[in-house]
Structures are given as C-alpha cells and as structure tokens.
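Structure first, commentary second.
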Amino acid sequence: MSPMATLQHFRPWPRTLRSRLFLILLAGLIVAQGLSFVLLIAERFASAQTIMSDTLDRDVKAAIAILDRVPAAERAQWLPLLDRNTYRYVLGPGLPGVPELTGPGPLIATTIRAAAGPRLPVKVEAIPGDGNRLQAHLTLSDGSSLTIDVHPSLMPLARWLPYVLVAQLLLLVLCSWFAVRLVIRPLVNLANAADKLDPGKPTPRLSESGPLEVAHAATAFNSMRERIAEHLEERMQILAAISHDLQTPITRMKLRAELSDETPGKEKLMHDLAEIENLVHEGVAYARSARGSLEKPSRIDLGSFVESLVYDYQDTGKAVSAGAEIDAAVVTRPQALRRILTNLVDNALKFAGSAEVSAEKGPSDHVVIKVLDRGPGIPDDQLEAVLQPFFRLEQSRNRGSGGAGLGLAIAYQLSLAIEGRLELKSRPGGGLIAEIHLPHQMQVGRNP
C-alpha cells in the first residue's frame, strides 16, 4: 500500500453527516474568525507604526533643536524631560552597532534622518543581541555627540482579549452545533419514519411543519405511504375477487370431473384441479399475511398454546412432539402465531416426516419458539432465499414434493406483522431449525 493510500485510509473523517457538517461549519467559522483576528492585529500594527513615526518625527525634531541650542552644561538636565517610553537621549557616542536594520528599523531610521534634517547627518545602527533595539548617532553644532537610543514596541494587548477569544470560540461551537442539529433533525425523523413504515398499521403521519423544504419532504413521504397502503389494499381486493371468482368454476369443474365416466385422465384432472385450488388458497393467504397486524393482540399462555398445537397434530396421526417448554405469558396475535407455527410444522412434516416444537427464553428476555426436524435441511447460502415467495429448492414441477413455495414466505410475512422475527438455521447432525423470536416488549410476565 502506497503512503498516500495509507494516509487516506487513516484519515480521521467522521462517518455521520451530523459530524461532517459540524466540523465543516465550525472549521469555516474558526478560519474566518482567525483571519479577522490576523487582519485586526495587522491593522493595529500598521496604525501603531504610523503613530510612532509621527510622534517620533515631532519629538526628535523638537529634542534636537532644544539640545542643539542650550549650553552644553545644561543638556544633561534636559534629557529626562525629553525621554519617552520607547526611546531616550544619551550624550555621547553610544554603543557600537551594525548597519543591518530589520523589522521597523528602516522606518525609524528614515524618520530620524528626516527629523534631524540635512544639517545634522545621522548614522543609525542596530545593537546586536538586543532584539529590535537601535541607536541613531549624530553630532550637534558644537561638535558634541548625541545618541538616540530606541526600543521599538507595540502597544500591549488588553488582558481581557484572550477571554473574549475563548468566549467567541465557545459561541461558534454552540451556534454550529445548534445549526447542524436544526438541519439534521428532519432527516433523522424521516429516516425513523421510513424504518417504521408499515402501511398495514395505523401509524401517525410525519409532521409536515418546519421550513418549506422539510415540510415538502414530509408531505411527499406521507403521500407515498398512503399510496403504498392503497396499492396493498387494492392487491388484497384483487386477490380476494380472484379467489371468489375462481372458486365457483373450480368447484363446477371438480363436480363434473367426479360425475364423468372413469377414464385414465380423470385422476390426473382431479389432481390438477386440486393443485389449482391449493395455489389460489396459498396466494390469498400470502396476501392476507401482510395484514396479520389487523388481528387484535391478546395475552396467551405460551406453554399451553404450543401444547395445544402439538396435540392437534397428534390427534390426526402426525409425528409431532413437544420439546422444552417455558411457563410464560406473552401478548401477541394468536391466530397469526398459530398460522406461522402450522406452516413451519407442515414444512417439516413434508420434508422430514416428523417435527418437534419447543419454547425457551432467548437473549434479552426474548421468547423463542423452535420447530426442529431431521430432514434434508437447506444449504446455508439459501436460508434467506427460501423466505421469498414462490422460491422452491426443488426445481421440479411436482407440487406434491416442492409445493407452491409460499409456506415459509407466509410464515416470514406474518412474523413481521406480529413484530417478531423468523430465522432459519441448519441443525447440527442434519435437519433444520426454524426460530420465531418474540420481542421483549411482547412478554408481559410468567404464569404462577
């Protein structure tokens, strides 16, 4: 891996849109604030230099004129009166220096030379090892040496300025967080509404208030949900009508076939009619499975429920046994749950000849109902595919062995309708395990 690829791989870039917008907005505001601060300091520096140059020009011009005119014996008395914070006057040649001037040195030298005028030549030198300190050397009219010792410095920053900067940064962080939260919250609400989308349930509409774009998106989402619900209802009505319309001709055809003379094709015709009738029933059952949530929930004893289901199969001579049971009461939709278990048990009986039904406590206090068999099982890469409608592992046209491919799909759809989860697993030693997980909020207690 190249160094550039490694750098890109370890780039600390957050994954959430909230964090990205927050960092971008905050970084932009901090950079803008930093540029404003730099420009303010630069302008302050330029203003200070201009003021210093003007003041220095006036003071030096007046000081040189005074010291050049008073007697030499009285000059020492005038020095304290002429000194300033950033420069002072020294009688004598001063300290040795170098001619290289840096920083504000050239401007100061030009100002002093202009103040002294052409009559008094000025030599300006920098003092090595002493910051920006420099000295201007000139000779007065009587031949005496005069040195102007300059310590250039800007006005000190106010003590409260760092506190103001920290307060500004905190305000930027707070405003950035609030702005990002205001922008992201409608997206979060829309995502949550999409996750909970179930046209078959009477869920509240997404709020259509807020900014124009947010309100428009919420209105479009609510309209989409209503259209989906209408399409599902229309599908139900079409399938119900098809079932009603097909039942009569199928019944007439079966009656005519039964009353017809015995022929080699009569048995095949009766078998085909039975397949058609079964396919119609399963198709309607799958469509109705999506509306399993319309059944009113009720509290049931899970152990008795499973035991009753097993006894019903045993009364008809089917090899269905009860495994482990738990003494628990759950709130669910009994008819939908019975249909799920019936489909799973029928699937096990079809391919394995026997089934075992058990119930136990799952993780996080979930209730897990298992249907186990010792049939040929399902390949691991097709455990999810078999939950889709009309998918059959056996690709033959024999409905007697392969079925219509709707049994597991109906069970899966109903498990979603009752807010559960259906999982298929390979059973150690061969066979299949079908697990129905009932969520924690559906378990309300245990029987005494």
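The values are calculated or read from the model by the stated rules, or taken from the named source; none is laboratory data. What you see is a predicted model; the values in this text were computed from it and never measured. FYI the Cβ positions are ideal-geometry reconstructions off the backbone, even for glycines, and counts take in every protein chain you see. Quick note on the areas: whole protein, heavy atoms, side chains included, nothing else; ligands and nucleic acids left out. Shrake-Rupley method; radii C 1.70, N 1.55, O 1.52, S 1.80 Å.
Report in % the part of the accessible area of region 79-205 that belongs to carbon and sulfur, leaving out ligands and nucleic acids; probe 1.4 Å.
With neighbouring chains kept in place, the figure for region 79-205 is 66 percent.
So for Trp160, Trp78, Trp177, what's the accessible-area order with a 1.4 Å probe, most first?
Largest accessible area first, the residues go Trp160, Trp177, Trp78.
Give, as a single signed number, the net charge of other residues whose beta carbon lies under 13 Å from the beta carbon of Arg427, with Lys and Arg counted +1 and Asp and Glu -1.
Numbers: positive: Lys370, Arg374, Lys425; negative: Glu356, Asp373, Asp380, Glu423, Glu435.
Taking every Cβ under 13 Å from that of Arg427, the sum is -2.
Beyond 17 Å, what percent of the Cα pairs of region 132-181 remain?
Here the long-distance tail beyond 17 Å is 66 percent of all Cα pairs in region 132-181.
Can you give me the angle between helix 17-69 and the longest principal axis of the chain, using Cα atoms only, in degrees from 0 to 90, rounded to the nearest 10?
0 degrees
Using the crude model of +1 on Lys and Arg Cβ and -1 on Asp and Glu Cβ, and no other charge, please compute the dipole size for the chain relative to its Cα centre, in debye to 20. Don't skip to the answer; put the middle values down first.
Numbers: 48 positive and 48 negative charges, 237 e Å.
In total the dipole reaches around 1140 debye.
In deg cm²/dmol, rounded to 500, what helix-only [θ] at 222 nm does the chain give when every DSSP H run of at least 4 residues adds -39500 (n - 2.57) and the total is split over its residues? Could you put the intermediate results ahead of the total?
Working: 11 runs with 235 residues, N = 448.
Theoretical 222 nm ellipticity from helices: -18000 deg cm²/dmol.
Would you work out which of Leu170, Leu212, Val280 lies farthest towards the positive end of the dipole of the chain, given +1 charges on the beta-carbon of Lys and Arg and -1 on that of Asp and Glu, about the Cα centre?
Leu170
Dipole size in debye (nearest 20) for region 6-124 around its Cα centre, Lys and Arg Cβ +1, Asp and Glu Cβ -1?
Details: 14 positive and 8 negative charges, 116 e Å.
Once rounded to the nearest 20, the dipole reads 560 debye.
Using the scaling law 2.2 N^0.38 Å as the reference, what is the normalised Cα Rg of region 120-230?
That ratio works out to 2.72.
Would you check the accessible area of Ile41, probe 1.4 Å, heavy atoms only, in square angstrom rounded to 10?
The accessible area comes out at roughly 60 Å².
Over the alpha carbons of region 321-367, what is the largest minus smallest coordinate on each principal axis, giving the biggest first in Å?
Sorted largest first, the three principal extents are 32, 22, 16 Å.
May I ask for the angle, rounded to the nearest 10°, between helix 407-417 and the longest principal axis of the chain, with both axes built from Cα atoms and the value confined to 0 to 90°?
The angle comes out at about 50 degrees.
Please work out the C-alpha center-to-center distance from region 44-115 to region 340-390 and express it in whole Å.
Here the answer is 99 Å between Cα centres.
Using a 1.4 Å probe and counting only protein heavy atoms, arrange Leu232, Leu120 so the residue with the most accessible area comes first.
My answer, sorted largest first, is Leu232, Leu120.
What's the angle, to the nearest 10 degrees (0 to 90), between helix 212-259's Cα axis and the longest principal axis of the chain?
10 degrees
Normalised by the residues of region 79-201, what does the relative contact order come to in percent, with Cα pairs under 8 Å and at least six apart?
23 percent
Please name whichever of Ile369, Leu341, Ser321 sits farthest to the positive end of the charge dipole of region 311-390, dipole taken about the Cα centre and charges placed at Cβ: Lys and Arg +1, Asp and Glu -1.
Positive-most Cα among the choices belongs to Leu341.
Top mean-square fluctuation among Glu100, Glu384, Glu230, Gaussian network model of the chain, C-alpha springs under 10 Å?
Glu100
In vacuo Debye scattering of region 59-146, one point per C-alpha: log10 I(q)/I(0) at q = 0.11, 0.18, 0.23 Å⁻¹?
-0.29, -0.79, -1.26
Find the Rg to Rh ratio for the chain, where Rh is the Kirkwood radius over alpha-carbon pairs and Rg uses the same atoms.
Rg divided by Rh gives 1.46.
How much accessible area per residue does the chain have, counting only protein heavy atoms and a probe of 1.4 Å, in square angstrom? Walk me through the numbers on the way to the answer.
Details: 26960 Å² over 448 residues.
Solvent-accessible surface per residue comes out at 60 Å².
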